[in-house]
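Colleague: First, the structure itself, so that you have it in front of you.
The values are calculated or read from the model by the stated rules, or taken from the named source; none is laboratory data. Owing to the predicted nature of the structure, the values given are computational and were not obtained by experimental measurement. Quick reminder, even Gly has a Cβ in these numbers, built from the backbone with ideal geometry, and neighbours come from all protein chains shown. These area figures cover heavy atoms from the full protein model, side chains too; ligands, DNA and RNA do not enter into them. Shrake-Rupley method; radii C 1.70, N 1.55, O 1.52, S 1.80 Å.
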Amino acid sequence: QVQLVESGGGLVQPGGSLRLSCAASGNMSPINIMGWYRQAPGKQRELVATITSGGSTNYVESVKGRFTISRDSAKNTVYLQMNSLKPEDTAVYYCQLNWPRANYWGQGTQVTVSS
């Protein structure tokens, strides 16, 4: 069984920064994709960024140039560095880990951007 534990959310002022972390444990494929999704109140969950085990990254247009996804494969951990945060970034952020025929989610961490 795979478990994902997120940390790093909180309250930050517009223009501020936060760093999210997601540590994976359990029996997992070494070839996988880790990513971050978010869900704002009343909206559907959306992709924020993904990173493959080979290091290829993908971002939703709205966060390009502000967010950076990275991973430490030795620690099975993925990070999301969020800079220049905006009120519209407010959401619950979820970590995801997947490979063919497997898909796991973290419990979510709240990010609130407000003055």
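Colleague: Ignoring ligands, DNA and RNA, what percent of the 1.4 Å accessible area of the chain is carbon and sulfur?
Modeller: Summing carbon and sulfur atoms, their accessible area is 48 percent of the total for the chain.
Colleague: Could I ask something else about it? Suppose R0 equals 22 Å; then what is the FRET efficiency for Q81 and S29 from their Cβ-Cβ distance, rounded to the nearest 0.05?
Modeller: The formula returns an efficiency of 0.30 here.
Colleague: ³J(HN,Hα) across the stretch 19-25 via Karplus (A = 6.51, B = -1.76, C = 1.60, θ = phi - 60°), whole Hz, x for Gly/Pro?
Modeller: 10, 9, 10, 9, 9, 9, 9
Colleague: Next question, about the same structure. Could you tell me which trypsin sites (Lys or Arg not before Pro) in the stretch 1-53 are loop residues by DSSP with no more than 13 other beta carbons within 10 angstrom of their beta carbon?
Modeller: Listed in order of number, the matching sites are K43.
Colleague: Quick check for you: with a 1.4 Å probe and neighbouring chains kept, what is the accessible area per residue of the chain, in Å²?
Modeller: Normalised by residue count, the accessible surface of the chain is 53 Å².
Colleague: Would you mind pulling out the separation of the Cα centroids of the stretch 61-115 and the stretch 11-29, in Å?
Modeller: Taking the Cα centre of each part, the stretch 61-115 and the stretch 11-29 sit 6 Å apart.
Colleague: Quick check on packing: order 93-103, 58-68 by the mean number of other C-beta atoms within 10 Å, highest mean leading.
Modeller: 93-103, 58-68
Colleague: Place a +1 charge on the Cβ of each Lys and Arg in the chain and a -1 charge on the Cβ of each Asp and Glu, then give the dipole magnitude about the Cα centre in debye, rounded to the nearest 20.
Modeller: Computed about the Cα centre, the dipole is about 80 debye.
Colleague: Same structure again: Which semi-axis lengths, in whole Å and largest first, follow from the square roots of five times the eigenvalues of the Cα gyration tensor of the chain?
Modeller: 24, 14, 13
Colleague: Give me the extension gain from S56 to R19: residue separation times 0.36 nm, minus the current Cα-Cα distance, reported in nm with one decimal.
Modeller: 11.4 nm
Colleague: Taking 0.36 nm per residue of sequence separation and subtracting the Cα-Cα distance, how much length would be gained by fully extending the chain between Q1 and S115, in nm to one decimal?
Modeller: Length gained between Q1 and S115: 37.0 nm.
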